[in-house]
Amino acid sequence: MKKQLTEIEKKEYSYLISVLSSAVNETPAPIPYENINWQRLLKRAKICGLDAAFSNTVLTLPKDYFTNYDVVKILKENINAEILIDSNHSYEIEKVLSAFDKYKIKNVPLKGYFIKNEYPRTDYRSISDYDILFDRNQIEVVKKAFSEIGFEFLHNDDNQYHFQKKPYMYIEMHATLVHEWEYYYPYLVDIIDRSIKRKGYDFSYELSLEDHYLYMLVHNSNHFRIGGLSIRMLLDTYVYYRNHKDEFDFEYLNEKLRLFKLETFEKRIREIAFNWFSPEKQKIAFDDLEVFILLSARLGRLDAGVMIDSHKMIKLAEKEGKRKSKLSYFLRSLFPNKKFMSVHYPYVNKLPFLLPVSWFQMWFKRFFIEKNVNVKGGFQNRFSYTDDDVKYYEGLLKETGFDDFDF
């Protein structure tokens, strides 16, 4: 597992962070360093899901800094593409909320729906899907409302129902904010009852500022513990806390942070976020945690995620007096269990003996339709991690207030 950055990588990430700071603080774009590789910076910004904010900001620089016309063309294309997607999202999500009003469906939009508006421009904060909390008892009328406005119901798992309207809209309807087996579930199970009615809607609600921030932390900490915490999550933390710190009820917030066991995590992540993005500080330490975040792309690190999942399985087996290995994990990833497969192939629930057929379908789809299988990378991620990698990640968990892999 990669744990360190080269000097040129440090220079590139430093400039990327400086540009994003300028974008959200609406300050002049930083002067590029000598021999800057714009193509590589663009790739890093895109991987983080922040290419529109990056492109808009650097294009305010004098033209002398761009000797390659293709770079300027790509920057402008990034901006136009994100504006198109953002406009489509805004139009479609309001159609959804109007349909929910019509059918009297109580709903609480989450995360990206509101976070986009914390940025100077909504297209600065791209999203791949919308998350909406609702009462599971209304699922049939929810399906009817979605069907009426051209959405297709895809599938559901234990706490989410997935709807799509091509080419850009993907919505996850959450029956709960977290899974029933998660530590946070008892504290969040009734949060829909504590939500606040929104102006201009009959059945759309929102979380309080404090509850929304807490849910962001829960969501981000979950990502951190299964594979990574991204630059964009840090930027979300910065803009949300900066925008609302004078409105927070800190007595309530601090009490909940203690209850959620997120005091250390929140403090450390907020500290990094303000060091990176606050214009008056701007300091990157490149310590273990910061490097882990910088390498976490948009949603996390695949190599870290595989290592974490594999090691958790091995530790759980040891507690139960069983023996598991990396090979066991590899075989499980090739041939997932019935519970996992039934999410995408519902017939497995009714006809369990067809589980092998679902394995064939899954791999045929991945190899020949989606073509997203990296055989070499898959083997490497599952077998190449070392005890030092595990200790490295355990150190990150302890630094942020979590107990090994057990939380």
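Look at where the Cα atoms of region 107-122 and of region 302-364 average out, and the two centres are 35 Å apart.
Could you tell me the relative contact order of region 7-77? Use alpha-carbon pairs under 8 Å, at least six residues apart, and round to a whole percent. Please list the in-between numbers first.
Values: 47 pairs, mean separation 22.9, N = 71.
About 32 percent, as a whole number.
Pairs of alpha carbons in region 78-294 separated by more than 26 Å make up 39% of all such pairs.
Over region 85-154, Cα pairs under 8 Å with separation of 6+ residues give a relative contact order of 36 percent.
The listed peptides 208-214, 8-14, ordered by packing as a protection proxy, come out as 208-214, 8-14 (highest mean of other Cβ atoms within 10 Å first). Averaging Cα coordinates gives a centre for region 243-284 and one for region 169-214; these two points are 21 Å apart. Over 23 Å between Cα atoms, which of K165/K197; K76/K365; K256/K339; K46/K199; K2/K326 qualify? In this structure, K165/K197; K76/K365; K256/K339; K46/K199 lie more than 23 Å apart at Cα.
Using DSSP, restrict attention to beta bridges with both residues in the chain and report what percent are antiparallel, rounded to the nearest 5. Don't skip to the end; give the middle numbers.
Details: 15 of 20 bridges.
Antiparallel bridges: around 75 percent, rounded to the nearest 5.
For region 161-167, the Karplus equation 6.51 cos²θ - 1.76 cosθ + 1.60, evaluated at θ = phi - 60°, returns couplings of 10, 10, 10, 9, 9, 5, x Hz by residue, with Gly and Pro reported as x. Here E255 and T60 are evaluated by their C-beta separation; at R0 = 45 Å the FRET efficiency comes out at 0.55. Rounded to whole Å, the principal axis extents of the Cα atoms in region 17-59 read 25, 24, 16, largest first. Overall form of region 59-167: prolate. Here a/c, set by the Cα gyration tensor axes a ≥ b ≥ c, is 1.5 or more, and a/b is the larger of a/b and b/c.
Order of 196-204, 19-27 by packing, highest average Cβ count within 10 Å first? Walk me through the numbers before you get to the answer.
Values: 196-204: 13.4, 19-27: 19.4.
In descending order of packing, they fall as 19-27, 196-204.
Report summary: the helix-based calculation at 222 nm, which adds -39500 (n - 2.57) for every DSSP H run with n ≥ 4 and divides by the residues of the chain, gives -17000 deg cm²/dmol. Computed from phi, the 3J(HN,Hα) profile of region 106-122 under the Karplus parametrisation 6.51, -1.76, 1.60 (θ = phi - 60°) reads 5, 9, 10, x, 10, 6, x, 4, 8, 4, 3, 7, 7, 8, x, 9, 5 Hz, with x in place of Gly and Pro.
Sparsely packed loop sites in region 308-402 (the GluC sites (Glu not before Pro) outside DSSP H, G, I, E and B with at most 15 other Cβ atoms within 10 Å) comprise E320. Of the trypsin sites (Lys or Arg not before Pro) found in region 61-148, those in coil by DSSP whose Cβ has at most 13 other Cβ atoms within 10 Å are K104.
Looking at region 78-294, send over the antiparallel percent of its DSSP beta bridges, to the nearest 5. Spell out each step's value before the answer.
On the way: 15 of 20 bridges.
Antiparallel bridges: around 75 percent, rounded to the nearest 5.
I'd like the projected area of the chain, averaged over all directions, using the convex hull of its alpha carbons. Report it in nm² with one decimal. Don't skip to the answer; put the middle values down first.
Values: hull surface 87.3 nm².
Result: a mean projected hull area of 21.8 nm².
Here the Karplus relation 6.51 cos²θ - 1.76 cosθ + 1.60, evaluated at θ = phi - 60°, turns the backbone of region 6-14 into coupling constants of 6, 5, 5, 5, 4, 5, 5, 5, 4 Hz, with x for every Gly and Pro. Think of the chain as having a plus end and a minus end, set by charges on the Cβ of Lys, Arg, Asp and Glu; of I191, A45, S358, S358 sits farthest toward the positive end of this dipole.
Between E370 and E320, the distance separating the two model label sites (each 7 Å from Cα on the Cα→Cβ line) works out to 2.6 nm.
No lab work stands behind these numbers, since they all come straight from the coordinates. This structure is a prediction, so every number in the text was calculated from the model and none was measured. In this analysis, Cβ positions are derived from the backbone assuming ideal geometry, glycine residues included, and neighbour counts consider all displayed protein chains.
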